[in-house]
Structure formats: C-alpha cells, structure tokens
Amino acid sequence: MIRVLIADDHNVFVEGIESLISGSPDIAVTERCFSKESVMERLDQTVVDVVLLDISFPNIEAGLGLCEYISNTFPETRVVALTMHDDASLIKRVVKKGAKGYLLKNTTKLELIEAIKAVYEKKQYFNDTITNILLNDEPKGRKSSTGVAMKPNLTPRETEVLALMAQGLTTQQMAAQMFVSAKAVEFHRSSLLMKFGAPNTALLIKTAMEMKLIT
C-alpha cells in the first residue's frame, strides 16, 4: 500500500484529491496537513511514501523550502508538486529542490494515480502538459562569457548512454547492450540530467540535439 500525505491549506481541495485516490486499491491517503508545521510533525511521527505538495503552501518560497526539507530529511519520501502554476522556471526550481513529479491542479484522476505510482517506484513523472511547457522553454544551461550555452563535459559512458537514450531504448535494453546493470544505467542517466540541468529525458534529449551532441 502506497501511503500518501496531502499538504494543502484548502480543505475542499484536499477532500477532492482524496476522493480521486480512494478508488485505487493500492494507494491510501494516510495524512492530511493544512500547515507546514503539521507536515513536518507528521513526517517525524509516521512513515509516508508520497507527499502531494501544493507548492504555494502557504506561498511559493515557503513551499519550495518545504519541498527541499522533505527531500533532504526524508529521502525515501517522494514529493509530487500539485499546483496551479505552469511557469517553466518554477517547474525547474521545484525539481531542483527535490520534487520527483509536477502536476497542475486540473490534472486527471489517471494522471494523479500514475504520478503517485511512478515516484513511489523511484521514477520521475511529468505529464504531456508539463513536458510541453519545458520543451517550449528556452534551455538555460551554462553560459560562456559570450553568452553561448556551454556543452557539458561528459564521460565516455555518459556519451554512450546519451546516444542510446536518443534511440529510445529502455533502461533494460541499454543495460543489456552496454553489459552493465540497470542501476548503473540509471546512475549515468541521473548524472546526465544534472549536467544538462534538465528535469526530464525529453528536455535532456532536446538540449543535447541543440548542442549537436546527438543527431
């Protein structure tokens, strides 16, 4: 059973999210928190697998701080931002603070359940709406003194993983082709995401193609 904490200061919204989740046999809302302090208290006292966090809780900076606190203090607890903000720069800030998923509050029941299950399995989750927002945003990356985006310094293994990712191979397929474990592939994938400053694979591939690192 996936144990979920909903962190939002609007009771009606919390009840609505809980009603969406209630039909899933392997997900249970075990905690409902209406303040930052109550979130921290409940996480100290009970085990939570996934936090659905309103990133404006009670304001964006406080929400970002809470996201970072949860991610650093309770690394086994996965945060999914659930918000009405669709700004690409904010999405990237939330991901940098440790969130593993990002959904808008008009999300569907199916997407919400998919997100909870994905992050519980230690994956990231961004639906098509969020992915398109990020793809349409100008990649920021590191800049040289002339203002041109700098190419990240990749290891040979990272270069190999990047090329295979561009071909659409799964983690298991890449592991078999490289004669390494799936865990090793995921390590290199995470390193690539960090070096490119990309929150997901789609934006990573797009940025790498713009830098002509892959075709």
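The values are calculated or read from the model by the stated rules, or taken from the named source; none is laboratory data. Because the structure is predicted, anything quoted here is derived from the model rather than measured. Backbone-built Cβ (ideal geometry, glycine too); neighbour counts: all protein chains shown. Calculation scope for accessible area: heavy atoms of the full protein, side chains included, ligands and nucleic acids excluded. Shrake-Rupley method; radii C 1.70, N 1.55, O 1.52, S 1.80 Å.
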Outside any helix (DSSP H, G or I), over 30 Å from LYS151 (Cβ atoms) and under 12 Å from the mean Cα position of the chain (by Cα), is that true of VAL79? yes
Residue list for segment 1-53, filter: open to solvent by 50 Å² or more (accessible area, probe 1.4 Å), in contact (Cβ under 8 Å) with a residue 24 or more places away in the chain and more than 17 Å from MET84 (Cβ to Cβ): MET1, ARG3, GLY23, ASP26, THR30, ARG32, PHE34, LYS36, MET40, ARG42, VAL47
Out of LYS195, LYS206, LYS212, LYS183, which single residue is of a type outside the set (Ser, Thr, Tyr) and at positive phi? LYS212
If a residue has to be in contact with a Leu (Cβ under 7 Å, 6 or more places away or on another chain), among the hydrophobic types (A, V, I, L, M, F, W, C) and open to solvent by 10 Å² or more (accessible area, probe 1.4 Å) to count, how many in segment 61-87 make the cut? 2
In the set VAL185, VAL161, the lone residue that is touching a Ser or Thr at 6+ places or on another chain (Cβ under 8 Å), free of Cβ contacts under 8 Å to residues at least 60 places away in the same chain and farther than 20 Å from GLY98 by Cα is VAL185
Any idea which residue in segment 188-215 is surrounded by the fewest Cβ atoms within 10 Å (Cβ to Cβ), counting only those that are of a type in the set (Ser, Thr, Tyr) and in a helix (DSSP H, G or I)? SER190
